[in-house]
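The values are calculated or read from the model by the stated rules, or taken from the named source; none is laboratory data. Fair warning: this is a prediction, and the values are worked out from it, not measured in the lab. Positions of Cβ are generated from backbone atoms using ideal geometry, with glycine treated the same way; all protein chains shown enter the neighbour counts. Protein only, heavy atoms only, side chains kept; ligands, DNA and RNA dropped before computing areas. Shrake-Rupley method; radii C 1.70, N 1.55, O 1.52, S 1.80 Å.
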Amino acid sequence: MKLKFSAVLLALICIFALGFTACGKEDKTEWNVSADGGRVIASFSDNGKYGFILNVDGSGAMRGFSSKKEAPWYGKSGRITDIVISDGVTGIGANAFTDVKADAVIIPESVTRIGENAFNADTKICVYKNLSANGAKIYIYSQTNPAEAGDYWRLNGGVPEVYTVEGVKHNMKVLFIGNSFTYYNDIPALVASLAEGAGVNVTVESVTQGSWFLTKFADKNDEYGKIVDAKLTSSDDYDIVVLQEQSVRPIDNYAKFSEGATNLKNKIDATQKNCKIYLYSTWGYPEEAAKRNITIPEMELQLREAYDKLAGELGVSVSHVGKAFSNVYAEYPQYGLYHTDNRHPSYIGSFLSACVHAATILNIDPRTSTFTGTLDGETASLLKSAAWEAVCGS
């Protein structure tokens, strides 16, 4: 009986001491995986979540494997969450990480060759230069928004973030139609500057007049409606038109709001070859919210719902500036979003508005733009992040 107990105890000691491997077999956490002429070492480090980071360090090429099962870390592939390849490694061997389900891996510039089936099909391969990865999904590095359509990655807080650019091009032509909520601090010009700071050239025009309704802008007999009509009938190359209604009409007279936007949409569709329309959803403000006996965010939500409803009816999109206003108003009350009249946007409010437009209508991440206007870097950064979160929810 004593002998039997000792045998069981020895077996248990073996299991725990050797990391659940067969008793007496070495469980390595470091391997020499060099190809001829180089020295490349692969090793495990703790990821802090009961798993491993697989590090590949050294210089020269890494050898390949005849199958994924030959890779020395194959038995623990399910516990590997990240692959870190250091600069100096020049080649990645075939079947090396096929069974490792890392979300993304950054390939250093020193790498010139990726072997067949080197990575799992679901791993996003982030490269600094064009490389072939035998059909695997490749993302090209671009910290700012690129001009060409394609699949890209950038660093966000030190972590690779992948994104796809569809049709963003140089010299896009944008027309803003609206009232003082558009022209205060020249929001269209701020959008153009944010785009330029992100490496995208945009031609921005505007037709604005204080307190004007969309029904007036749609009427070619109106003083400003005549200007809108002339712009739309004299050229057919607007890529984007942004429509901003008077501040309370969407919730006070939805029928007239719909009429004005519909008439303008019909005119845009009839005159422009390939133009996308956005409704500019504005914000709640103290005076009007108090008059209605509701909070500022509640007023904004009513406006947002009206804009979203009409967008659905017309088949157009919405630039949710008001949503970003409500978020910043609630989370950062120290940042004054309103002009001294507590209605129109301050420069900070206009900058936030422009960031939302840049993210929404131009597919530009405002956080990548170098433009800060008259703001300090910290304030500009906070507003850019708030706008991106309102648009993308991240």
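None of Val241, Val191, Val248 is open to solvent by 10 Å² or more (accessible area, probe 1.4 Å) and of a type in the set (A, V, I, L, M, F, W, C) except Val248.
Yes or no: the range 286-306 includes at least one residue that is in contact with a Leu (Cβ under 6 Å, 6 or more places away or on another chain) and surrounded by 22 or more Cβ atoms within 10 Å (Cβ to Cβ). Looking for residues that are in contact with a Leu (Cβ under 6 Å, 6 or more places away or on another chain) and surrounded by 22 or more Cβ atoms within 10 Å (Cβ to Cβ), one finds none in the range 286-306, hence no.
If you go through the range 116-128 and keep only what is open to solvent by 80 Å² or more (accessible area, probe 1.4 Å) and touching a strand residue (DSSP E or B) at 6+ places or on another chain (Cβ under 8 Å), you end up with just Tyr128. I'd like to check something: does the range 345-359 contain any residue that is crowded, with 17+ Cβ neighbours inside 10 Å, over 30 Å from Lys291 (Cβ atoms) and either within 17 Å of the chain's Cα centre (by Cα) or hydroxyl-bearing (Ser, Thr, Tyr) (or both)? Yes, the range 345-359 contains a residue that is crowded, with 17+ Cβ neighbours inside 10 Å, over 30 Å from Lys291 (Cβ atoms) and either within 17 Å of the chain's Cα centre (by Cα) or hydroxyl-bearing (Ser, Thr, Tyr) (or both). Just to be sure before I move on: is Thr98 farther than 20 Å from Ser86 by Cβ and surrounded by 20 or more Cβ atoms within 10 Å (Cβ to Cβ) in the structure I sent? The answer is yes for Thr98.
Among the residues making up the range 351-384, those that are in a helix (DSSP H, G or I), within 24 Å of Gln334 (Cα to Cα) and of a type in the set (S, T, N, Q) are Ser353, Thr379, Ser381.
If the condition is being touching a Ser or Thr at 6+ places or on another chain (Cβ under 7 Å) and among the aromatic types (Phe, Trp, Tyr), then the range 306-334 contributes only Tyr307. Figure legend. Inter-residue proximity from the range 200-221: first residues assigned to a strand (DSSP E or B), second residues of a type in the set (Gly, Ala, Ser) and open to solvent by 30 Å² or more (accessible area, probe 1.4 Å), beta-carbon distance below 9 Å, spacing 6+ or different chains. Indicated pairs: Val204/Ala189; Ser206/Ala189.
For the range 287-337, the set of residues classified as within 19 Å of Phe351 (Cα to Cα), assigned to a helix (DSSP H, G or I) and polar (S, T, N, Q) consists of Ser326, Asn327, listed by residue number. Look at (1) open to solvent by 50 Å² or more (accessible area, probe 1.4 Å); (2) more than 18 Å from His344 (Cβ to Cβ); (3) in contact with a strand residue (DSSP E or B) (Cβ under 6 Å, 6 or more places away or on another chain); (4) not aliphatic (A, V, I, L, M) and you find that Ser206 fails only one, number (2). Remark: pairs (first residue in the range 223-242, closer than 19 Å to Met172 by Cα; second residue open to solvent by 50 Å² or more (accessible area, probe 1.4 Å) and in a strand (DSSP E or B); Cβ separation under 6 Å; 6+ apart in sequence or on different chains) = Ile240/Lys276. Among the candidates Gly78, Gly48, the residue that is under 28 Å from the mean Cα position of the chain (by Cα), loosely packed, with under 15 Cβ neighbours inside 10 Å and without any contact (Cβ under 8 Å) to a residue 40 or more places away in the chain is uniquely Gly48.
Which residue is nearest to Glu288 (Cα to Cα), if the candidates are limited to the range 323-344 and must be within 19 Å of the chain's Cα centre (by Cα) and open to solvent by 10 Å² or more (accessible area, probe 1.4 Å)? Selected residue: Lys323. Looking only at the range 132-174, filter to residues that are surrounded by fewer than 12 Cβ atoms within 10 Å (Cβ to Cβ) and in a strand (DSSP E or B); which one of those is modelled with the highest pLDDT? That would be Val159. The residue of the range 124-156 that is farthest from Asp87 (Cα to Cα), among those that are among the aliphatic types (A, V, I, L, M) and over 16 Å from the mean Cα position of the chain (by Cα), is Ala136. Looking at the range 361-382 only, could you name the residues that are out of contact with any Ser or Thr (no Cβ under 7 Å at 6 or more places or on another chain) and either without any contact (Cβ under 8 Å) to a residue 24 or more places away in the chain or open to solvent by 40 Å² or more (accessible area, probe 1.4 Å) (or both)? Those that are out of contact with any Ser or Thr (no Cβ under 7 Å at 6 or more places or on another chain) and either without any contact (Cβ under 8 Å) to a residue 24 or more places away in the chain or open to solvent by 40 Å² or more (accessible area, probe 1.4 Å) (or both): Asn363, Thr370, Thr372, Thr374, Asp376, Gly377, Glu378, Ser381.
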